[in-house]
Structures are given as structure tokens and as C-alpha cells.
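Engineer: Quick one: the structure is below, and I'll ask about it shortly.
The values are calculated or read from the model by the stated rules, or taken from the named source; none is laboratory data. Just so it is clear, the structure is predicted and the values come from calculations on it, not from any experiment. Backbone-built Cβ (ideal geometry, glycine too); neighbour counts: all protein chains shown.
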Amino acid sequence: MAHNHDHDHDHRAHAAAPVSAGDRAKGAQLIWAAYLTAALMVVEALGGWWTNSLALLSDAGHVFGDVAALVLAYVALRLALRPPTVRHTYGLHRSEILAALLNALALFGIAGLILWEAYSRLFEPPEVKSGVMLIIAVVGLAVNLVVVLRLRGHSHGDLNLRSAYLHVLSDLLASVAVILAALIMLLTPWSWRYLADPVLSGLIAVLILGSAVRVGRESLHILMEGVPFGLTLEEIALALDEIPEVTSVHHLHAWSICSNIRAVSVHVVADYTTEAERMKLRREVENLLLERFGFSQTTIETECDEVCSVDTMVYPVRHIQAEDEHAH
């Protein structure tokens, strides 16, 4: 059957919304968390140098990554809130993904340094002031717990904030490891107790690597314009096929602008005979894509399943057949 093509595309590109109270709250929490973790970084770095604890120094290095991640997340958030321009028609939302990727790369570097130093200390474990180490580690745990609880509510659905949140969460787990190392050194009488510091530092590095892999994988997937996580093209096509007028879909593409803005383009083949029916169909497709899958940016081309009479946009059958023959 020959298909008629209606070349009237529908491009839904929403203008940037004004800065909301939620956006301001995210920015305030990021700045507040950055100040608090920067203070903790200084305390742990000085404490690690004084007590000769690699675990504390490792955690201080991790906290440095936290501070950088929080500041980077804040800068990316501010950039993402800028309105679209003629040069950046989607705005600067991708800055959030770039910030998340940079955070992941920083975590890889920090983990590598910790693993190298931990390996060196396995053979020559130094004397560690475990009592002071324990006190500082408990303070670090308390600070990280407060920051994690404050950021947790803002981390869902935003890869940029989630990468910063994962930084702090993995640091909270690192603080637990430092406390365990200090307790082992305090309570264990044997000479090998000092191995607890490099061994648990290595475990901290593994936690950091886990966070880096998760954030890095998702960031690269978005930058490579992969189908949004949790969706498949088949699932989207089957949903569109539920609309009674739709007979088939093709040229279906789905991707993410950033972690919370999804885009889709699709050619929809359907039965309609008037412009009003075509517009109604297009609205149905738009609403389904938005409500069921969260696609706020849509590009839809409607194609008539029969030779129809929609104003002057109808091509003669011979013209359609010539196009098909040329395509083959």
C-alpha cells in the first residue's frame, strides 16, 4: 500500500521554566554541604598527618573529591537554569552530565592513589595514633551523615546531584571503615593490627571505584544519546500502537538531554482524513509520550495510511510510487 507523507513536523521544545523554589533549595543545599565538607577535609587531613593514618588521609582525599563534586554540581546547576539561546536551543542542561562525568573521573583518580599507598603500607605499616584517629573518624561520620540526609531528598532523578550525593555517601561508608580500623588497632594486641589501616583503606578505594563506575556509565550513556535507562524502543512503539488510529511507527529515536529531560522523535502512520483529525492524533501521541514515558521534548511526523485529503499536502499516487522506487 502506498503511503502518503504529511511533512508538517511537530516540535515541542518548552522554554526554560523560571527558577523554582526547588531549584533554589538544591543550590542552597549544595553550597551548605560544600562548606561543611571542606571543614571536615581540613580536619581529617591534619589529623591524618598527625596520627600517621593512611585511612584518615585517604578519607581526607575522598572528602576533597566531595568538595569538588559539590562545587561542580552547583556550577552545573546554575548553568542548567539558564534559558535557551539561539546558539544553545536546549539551554545548558548537558553541563550537568559533564559535571557528573568529571566527578566520576576524579573518583577514579582518588581511588587509584589510595590503592597505591595502601599497597606500599602493607609491607611497612607505620605506627598510628589510633585513639586520636578514632575521634576524628567519629566526627567525620557525623558530618557525612548530616550531609547525606540533607542531600538525599534532592538526588532522585538528577544525575548531577546524584553523583555529588554518591560522593558523600561513599565517604560516609569510608568513615565507618576508618572507625573500624581505629577500633581494631586499639583493641587488638597483635603486631599485625596495623595492617588494618592499609587494608581498610583499600576497601575505601573499592567503594569509591563503585561510585565512579555507576556515575561514569550513566553519564557516558546520556552523552552518547542512548535510550533513557529503563526504557526500550519496542516498549514505546507498542504504547503508540495502542492509539486506535495508529497503524505503525518508524524512525523512532529516544534519548536524554540530561538526567531529567527526555526527548523523542517518531514518524507515526495512521488513518485520518482531515486536518482536525491529524491535530487530534498528534495531541494524543504527545500526551502519551509525556504522561507514560516522561518525554517533554517531542518531534512527531504524521503520515497518512491512505491517500487522503488533508488540504494541499496530498501527493499524487504516482509521485509516492516514484519516491518508493527511488528509495529501493
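Engineer: Could you check how many residues of segment 258-273 are at pLDDT 85 or above and surrounded by fewer than 21 Cβ atoms within 10 Å (Cβ to Cβ)?
Structural biologist: The number of residues fulfilling the criteria is 4.
Engineer: Scanning for something over 22 Å from LEU92 (Cβ atoms) and assigned by TED's automatic domain parsing to the domain that holds TYR119, does segment 215-226 turn up at least one residue?
Structural biologist: Yes, there is a match, as at least one residue in segment 215-226 is over 22 Å from LEU92 (Cβ atoms) and assigned by TED's automatic domain parsing to the domain that holds TYR119.
Engineer: Sort through ILE243, ILE222 and tell me the only one that's at pLDDT 80 or above and outside any helix (DSSP H, G or I).
Structural biologist: Matching residue, one of ILE243, ILE222: ILE243.
Engineer: So which residues in segment 224-235 are surrounded by 15 or more Cβ atoms within 10 Å (Cβ to Cβ) and either in contact with a Gly (Cβ under 6 Å, 6 or more places away or on another chain) or of a type in the set (A, V, I, L, M, F, W, C) (or both)?
Structural biologist: Passing the criteria: VAL227, LEU231.
Engineer: Among the candidates LEU77, LEU102, single out the residue that is modelled with pLDDT of 80 or more and at negative phi.
Structural biologist: Among LEU77, LEU102, only LEU102 is modelled with pLDDT of 80 or more and at negative phi.
This table checks each residue for (1) surrounded by 24 or more Cβ atoms within 10 Å (Cβ to Cβ); (2) at pLDDT 75 or above; (3) not β-branched (Val, Ile, Thr).
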| site | (1), (2), (3) |
| --- | --- |
| ASN160 | yes, no, yes |
| SER163 | yes, no, yes |
| LEU169 | no, yes, yes |
| LEU173 | no, yes, yes |
| VAL178 | yes, yes, no |
| MET185 | no, yes, yes |
| PRO189 | no, no, yes |
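Engineer: Every residue in segment 262-280 that is among the polar types (S, T, N, Q) and under 25 Å from VAL227 (Cα atoms), please.
Structural biologist: The one that is among the polar types (S, T, N, Q) and under 25 Å from VAL227 (Cα atoms): SER265.
Engineer: Residues to consider are ASP66, ASP23; find the one that is among the acidic types (Asp, Glu) and modelled with pLDDT of 75 or more.
Structural biologist: ASP66
So that you can scan it fast, the table gives a plain yes or no per residue for (1) over 17 Å from LEU200 (Cα atoms); (2) touching a residue at least 24 places away in the same chain (Cβ under 8 Å); (3) not in a helix (DSSP H, G or I):
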| residue | (1), (2), (3) |
| --- | --- |
| VAL63 | no, yes, no |
| VAL71 | yes, yes, no |
| LEU79 | yes, no, no |
| VAL86 | yes, no, yes |
| GLU96 | yes, yes, no |
| ALA99 | yes, yes, no |
| LEU102 | yes, yes, no |
| GLY109 | yes, no, no |
| TRP116 | no, no, no |
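Engineer: Next up: Among residues belonging to segment 37-47 that are in contact (Cβ under 8 Å) with a residue 60 or more places away in the chain and touching a helix residue (DSSP H, G or I) at 6+ places or on another chain (Cβ under 6 Å), point out the one that is farthest from MET185 (Cα to Cα).
Structural biologist: The qualifying residue farthest from MET185 (Cα to Cα) is THR37.
Engineer: Do we have any residue at all in segment 212-222 that's surrounded by fewer than 19 Cβ atoms within 10 Å (Cβ to Cβ) and farther than 30 Å from LEU40 by Cα?
Structural biologist: Checking segment 212-222: at least one residue is surrounded by fewer than 19 Cβ atoms within 10 Å (Cβ to Cβ) and farther than 30 Å from LEU40 by Cα.
Engineer: If LEU180 satisfies all but one of (1) under 27 Å from the mean Cα position of the chain (by Cα); (2) under 23 Å from VAL128 (Cβ atoms), what's the number of the condition it fails?
Structural biologist: Condition (1) is where LEU180 drops out.
Engineer: For segment 244-279, which positions are out of contact with any strand residue (DSSP E or B) (no Cβ under 7 Å at 6 or more places or on another chain) and either without any contact (Cβ under 8 Å) to a residue 12 or more places away in the chain or more than 20 Å from GLN297 (Cα to Cα) (or both)?
Structural biologist: PRO244, THR273, THR274, GLU275, ALA276, GLU277, MET279
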